[in-house]
Amino acid sequence: MEATVLDSWVLAEFSTPDALVTATRQMREKGFEGMDTYSPYPLHGGSEALGLPPSRVPFIALCGGLTGVATALAMQTWMNTIDYPLNIGGRPLLSLPAWVPITFELGVLFAAFGIFFGLLGLSRLPQPYHPVFESEEFRTASTHGYWLSVPQATGTDAAPVMDQLKALGATQVTLVTGEKE
Amino acid sequence: MAETASTTYHDPLEPRPLVAPHHDDATLNETLLDHVWRKPGKGWFMLFGLSLSALGLLVIGVTYTLARGIGVWGNNQPVGWAFDIINFVWWVGIGHAGTLISAILLLFQQKWRTSINRFAEAMTLFAVMCAGLFPLLHTGRPWFAFWLFPYPSTLGAWPQFRSPLVWDVFAISTYLTVSALFWFVGLIPDLAALRDSSKTKLQRTIYGLFALGWRGSGRHWHNYKIAYLLLAGLSTPLVVSVHTIVSFDFAVSLLPGWHATIFPPYFVAGAVFSGFAMVITLIIPARKYLGLRDVITDRHLENMNKVILATGLLVSYGYLMEHFVAWYSQNQYELWTFYVNRATGPYAGVYWLMIACNVITPNIFWFKKCRTNIAIMWVASIAVNIGMWCERFIIIVTSLSQDFLPSSWGIYTPTWVDWSIYIGTLGLFGTLFLLFLKFVPAVAISEVKELQLELKHAAHQHGSDDALAGAGTLTHGAH
């Protein structure tokens, strides 16, 4: 049987979103990497504090939209012009203006799928388990708590990191260990 | 309501608070989740029972229609489209306000949308479901409805893509799908909040399942913010396209009263008009029952009434232009339809009810007293919904019943099956809506919390907490 790979995180709660953003920025300046913030709503300046690159969702959406447009044009041309041409009141078999509505709708539909599945894919959701859920206090992250997680090699001494977080104003600090995601 | 005596106003244009000033994240959470956790009251059960009974009518109506065929409906030559299409257009139109509130107001950074968008999006979703039933049944053999989609069938035929009816299939199914995705994406953080404040293991498991493991991670929010904004950006042209395509079903034909180039904008305005009215109709009792007056304030209601006034005027302009163009064309059939048949013909009562509800009623909202009086706006919103139903009746039935040749004229009367299916969809809508109010937060909690923080920041910049009331004109976006 494969041995379970463990993953550890130091969790620190802050009392306000601003304190969390400031602490994140300072921890990153100290050289910590792979950190993550947790909050009930997006933090202003949160992405910058974590140093995240621009999101790839818009690019995926664009690809989805273009795929939809191309699919719709190809589908209508193939079906009504080539495979099953019907003369309706003498109108041209390749009547592009009449194909605009479906082209638009499919473009929107595929772009929306791109956004939705892009969001889930980039966030690796659905993911019912994550080591941070090991902490019962962490449940406030979705209601009124502002948390920072710092990755910690399993089995090493977390005390220095915890002290630094406390010095930055964390109201409580814990260490969680769980199966690697 | 949420206004307190100590509130001083910094901006006379934004006189009322969007979120009652005494809340923080924890209390907002409690207030907004309360209606999910507490047992539903008597009122909820009564309404639910009523809705279920109406839903029963739908089951009876649909079963009878399927067993006997659509001959049991009142429509026949020359009125081949009647309740089925009237109700379809009516329901789709109602759905449009939800998207408008969520998407267009988000893009315009109108902060007052935050408390009502979830509610309105749910309305959209359920209204479009009701709408979808009608064309499905209207096909006569709904079990062959998949014939509408292009699939490689043994018949060897493909759909005729130059027909607006095929455009409709794509528009409505896209609209339903995108609305559902938009609603669900907005719901994910709140489902996580439900999971994390649930008291039993079962609740935690079920909400946890739907929350997809959302943990409010900054890395996720990073993608989420842009994804939500893009979905809003896509929904905005989508909602305009959907009712435009619905109006093409009529405008592309040659029938007097249908064949008009003003139809697309006029239909979109009418849709927004009826949709906002439906939001008012539903939100007034709901906010009372759910105890949400702190976040759905009088200012929200007043703003919605302003939208009703504006779109009501657009609709009136549409009527005016239809009549003008009929006169300007000097075409005898057009003149007959607009000046004789509609205004004095067999359905004149419905026509004048439409004028009273859609042209006259919204004008009461010029007066602030009417815009802020709960009873008046509730009655007016119902009048608008009736008026917009009458409008679709007038467009569809009068034009079909008396068109070109008097020898082919005919009168349409709905049967009990028509009525029971219509009332049945009201029941379906009510049932879904009540279940929504019971199991899901009716207000987008994460967005309200974010708004609350922004308002607080603005208040500090103004150097006074009282600015909370006037901070609605803040320039940076909710997302």
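Every number in this text was worked out from the coordinates using simple rules, so none of it is lab data. What you see is a predicted model, and the numbers here were worked out from it, not measured in a lab. Backbone-built Cβ (ideal geometry, glycine too); neighbour counts: all protein chains shown.
The table that follows gives values for the structure above.
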{"item": "Net dipole in debye of the protein assembly as shown [+1 Lys, Arg Cβ; -1 Asp, Glu Cβ; about Cα centre; nearest 20]", "result": "1100"}
{"item": "Which of A:Leu66, B:Leu57 has the fewest Cβ neighbours within 10 Å, and the rest in rising order", "result": "A:Leu66, B:Leu57"}
{"item": "Of B:Ser235, B:Gly213, B:Pro265, farthest towards positive along the dipole that unit charges on Lys, Arg, Asp, Glu beta carbons give chain B", "result": "B:Gly213"}
{"item": "From phi via Karplus (6.51, -1.76, 1.60), per-residue ³J(HN,Hα) for the stretch B:297-307 in Hz, x at Gly/Pro", "result": "8, 4, 5, 4, 5, 5, 4, 5, 5, 5, 5"}
{"item": "Burial ranking of peptide ranges B:279-288, A:163-172, B:35-44 (average Cβ count within 10 Å, highest at the top)", "result": "B:279-288, A:163-172, B:35-44"}
{"item": "Using θ = phi - 60° and Karplus 6.51 cos²θ - 1.76 cosθ + 1.60, couplings along the stretch B:145-151 (whole Hz; Gly, Pro as x)", "result": "4, 5, 4, 5, 8, x, 9"}
{"item": "The stretch A:8-106 - convex hull of alpha carbons, volume per residue in Å³", "result": "161"}
{"item": "Shape metrics for the stretch A:57-122, restricted to C-alpha atoms - Rg then Dmax, Å", "result": "14.7, 50"}
{"item": "Amide hydrogen neighbours beyond the local backbone of A:Tyr146, cut-off 5 Å, H modeled", "result": "A:Phe14"}
{"item": "Chain B - charge dipole about Cα centre, Lys and Arg +1 at Cβ, Asp and Glu -1, debye rounded to 20", "result": "960"}
{"item": "Computed [θ] at 222 nm, deg cm²/dmol, the protein assembly as shown (DSSP H ≥ 4; -39,500 (n - 2.57); rounded to nearest 500)", "result": "-19000 deg cm²/dmol"}
{"item": "Cα Rg, Dmax (largest Cα-Cα span) when computed across chain B, Å", "result": "23.6, 77"}
{"item": "Cross-link pairs B:Lys42/B:Lys438; B:Lys39/B:Lys288; A:Lys30/A:Lys180 - those with Cα-Cα distance over 20 Å", "result": "A:Lys30/A:Lys180"}
{"item": "Relative contact order [Cα under 8 Å, 6+ residues apart], the stretch A:1-108, whole percent", "result": "23"}
{"item": "Reach of B:Lys225 by Cα under 24 Å, taken over lysines that are not fewer than 8 positions away in the same chain", "result": "B:Lys111, B:Lys449, B:Lys456"}
{"item": "The stretch B:45-132: chymotrypsin sites (Phe, Trp or Tyr not before Pro) falling in loop per DSSP and having at most 14 other Cβ within 10 Å", "result": "B:Phe108"}
{"item": "Inter-centroid distance (Cα atoms) of the stretch A:112-132 relative to the stretch B:333-356, Å", "result": "55"}
{"item": "5 angstrom amide H check on A:Gln172, placed H, neighbours 5+ away", "result": "A:Glu13"}
{"item": "Electrostatic dipole magnitude of the stretch A:18-103 [Cβ: Lys, Arg +1; Asp, Glu -1; Cα centre; debye, to 20]", "result": "180"}
{"item": "Dipole of the protein assembly as shown [Lys/Arg +1, Asp/Glu -1 at C-beta], most positive-end residue of A:Val132, A:Ala98, B:Gly318", "result": "B:Gly318"}
{"item": "Alpha-carbon Debye profile of the stretch B:15-173, log10 I(q)/I(0) at 0.09, 0.16, 0.20 Å⁻¹", "result": "-0.50, -1.11, -1.38"}
{"item": "Chain B, relative contact order [Cα under 8 Å, separation at least 6], %", "result": "33"}
{"item": "Estimated FRET transfer efficiency when R0 is 41 angstrom, pair B:Asn76-B:Leu209 (beta carbons, to 0.05)", "result": "0.25"}
{"item": "Chain A - Debye-derived log10 I(q)/I(0), Cα point model, q = 0.08, 0.10, 0.17, 0.19 Å⁻¹", "result": "-0.44, -0.57, -1.07, -1.22"}
{"item": "Cα-derived Rg to Rh of the protein assembly as shown, Kirkwood definition", "result": "1.01"}
{"item": "Helical segments meeting 30 Å axial Cα length and Kyte-Doolittle 1.6 threshold in chain A (DSSP H)", "result": "A:96-122"}
